[in-house]
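Some notes on the structure that comes next.
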Amino acid sequence: MDRATFACSTAFFRDFGNSAPGALPGGHVDFIDKADSFTYSDFFRDYLIPNHPCIFSAKFTEDWGSRKTWVTRDGKPNFEHLLQKFGEAVVPVANCDVKEYNSNPKEQLPFKEFVEYWREYIRNGYRSSRGCLYLKDWHLSRAFPEQDVYTTPVYFSSDWLNEYWDAVAVDDFRFVYMGPKGSWTPFHADVFRSYSWSANVCGRKKWLLYPAGQEEFLKDCHGNLPFDVTAPDLGDKRIYPRYSQSQPPLEIIQEAGEIVFIPSGWHHQVYNLEDTISINHNWVNGCNVAVMWCFLQDELAAVQREISQWKEPMDDWHLQCQVHPNPRLSRNSGIAGVEDLHSGIAVVYKEEGVGDSFVLLGNIPDKSLGTFPIKVWELLRFVGCVQGGMLVGKLENFRIKRAGDVHLEKGKFQGDTSELLPEPKDTPEKLERDLG
């Protein structure tokens, strides 16, 4: 990380939480055209830290295998090739025409059956008695690791979330989406309030983006967010009393090959304007782990309120709220309990050479959160190893060469760390000082 970027990140996180949320970044989204003139430090300074969206041009994906083989010469999905490679796979498919709670219900279908449906849907003028089906959240890379599909752009490779799930070999947050023209995803924010990036292999999307905090104005009188942020009834003040205070969304039209970066905590709604295939990742790192932690705190507090009647007969009630499968946390975050946060960061930190020192944070008692590491800002300051309150990250700095000249080897950052923040060997002593 260069000195200017370090100073910028330090200043930003020193004031973390003091600025007014929900402001639009100038009412537009930056377009990044050339890969050879845009460094990781540029992305880190201008988009990760201020939590602003941007669009990467198709030049960033032109070498992907999927863009060469999954797409016909006229830019349409290459159904024959896809069937040859994945025809026997079983995939998750949502029905965009049906609302179940605040999402679309899913079923598991053979991929070849979904493609047969899709072809017929096109032939029938994008109509079907089965509704509009959308293949969503397919873990294709995990199921077919040998396939040359794509390479994660370096800007998104500092990924604590997927490093953790790779280490425990259970799951990941890397997805493929395939859907006909007219398929869509209802209003939502991403899992854990993570970052996300979405690349169109083919087709076009329309995104409606609301900065973090704006969703508060979109809640109904019961505190629920809308299923469809374009629905006419949002104008009814009896149902949505604060809607008139909301700002219009940022609208993005994403073309084939382009990548959209969605900031942490930004709610959005997405439409496929053509038959579209996209690749999506969710990820967390030192820049947004504080957002993730605050969200999990809020979710845990809501769970505790919901099941407060069982508090007295259970000695370890606070702990049970965290470590046991939890419908609210699982539904809203994709996790079983708050303890996953500690486990995930510990795995990543060990991979960076800290050894077992981080696990000393594991059993700090607290009256409200059981045995979860409770000195939140101390935890985040240690994970971020902050000078002047910077939460961004020792882990990030280990990975960023000071001039921004970053390269990858087997998916990991490689770079000169000699002039960056303190070495891992210094962290046990720092931990003792910080935690007192």
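The values are calculated or read from the model by the stated rules, or taken from the named source; none is laboratory data. As the structure is a prediction and not an experimental result, all values here were calculated from the model. All Cβ positions, glycine included, derive from the backbone under ideal geometry; neighbour counts span all protein chains shown. Surface accessibility is based on the protein's heavy atoms, side chains included, excluding ligands, DNA and RNA. Shrake-Rupley method; radii C 1.70, N 1.55, O 1.52, S 1.80 Å.
Using Cα centres only, tell me the gap between the range 151-212 and the range 234-289 in whole Å. The distance from the Cα centre of the range 151-212 to that of the range 234-289 comes to 11 Å. Scanning residues 5 or more positions from W138 or on other chains, those with amide H under 5 Å from its amide H are V176, with H placed 1.01 Å from N in the peptide plane. When the surface is traced with a 1.4 Å probe over the full set of protein chains, C287 keeps roughly 10 Å² accessible. Phi angles across the range 286-291 convert, under the Karplus curve 6.51 cos²θ - 1.76 cosθ + 1.60 with θ = phi - 60°, into 3J(HN,Hα) values of x, 6, 10, 5, 5, 4 Hz, Gly and Pro given as x. Residue by residue, the range 136-152 carries 3J(HN,Hα) couplings of 9, 6, 7, 7, 5, 5, 6, 7, 10, x, 7, 6, 8, 9, 6, 10, 4 Hz when phi is fed to the Karplus relation 6.51 cos²θ - 1.76 cosθ + 1.60 (θ = phi - 60°); x denotes Gly or Pro. Between the amide H of V71 and those of N78, distances stay under 5 Å, these residues lying 5 or more places away or on another chain, with hydrogens modeled in the peptide plane. Across the range 260-277, rounded Karplus estimates of 3J(HN,Hα) from the backbone phi angles (6.51 cos²θ - 1.76 cosθ + 1.60, θ = phi - 60°) give 9, 9, 9, x, 5, x, 7, 7, 7, 9, 9, 10, 8, 7, 9, 4, 9, 10 Hz, Gly and Pro being marked x.
Among 186-193, 79-86, sorting by the average number of other beta carbon atoms lying within 10 angstrom of each residue, highest first, gives 186-193, 79-86. Note that the range 29-185 carries a Kirkwood radius of 17.9 Å, evaluated over its alpha carbons pair by pair. Pairs over the 25 Å Cα-Cα cut-off, from the set K68/K206; K99/K181; K68/K181; K59/K205; K112/K136; K59/K206: not a single one. Per-residue SASA remark: F144, around 40 Å² accessible (1.4 Å probe; ligands, DNA and RNA not included).
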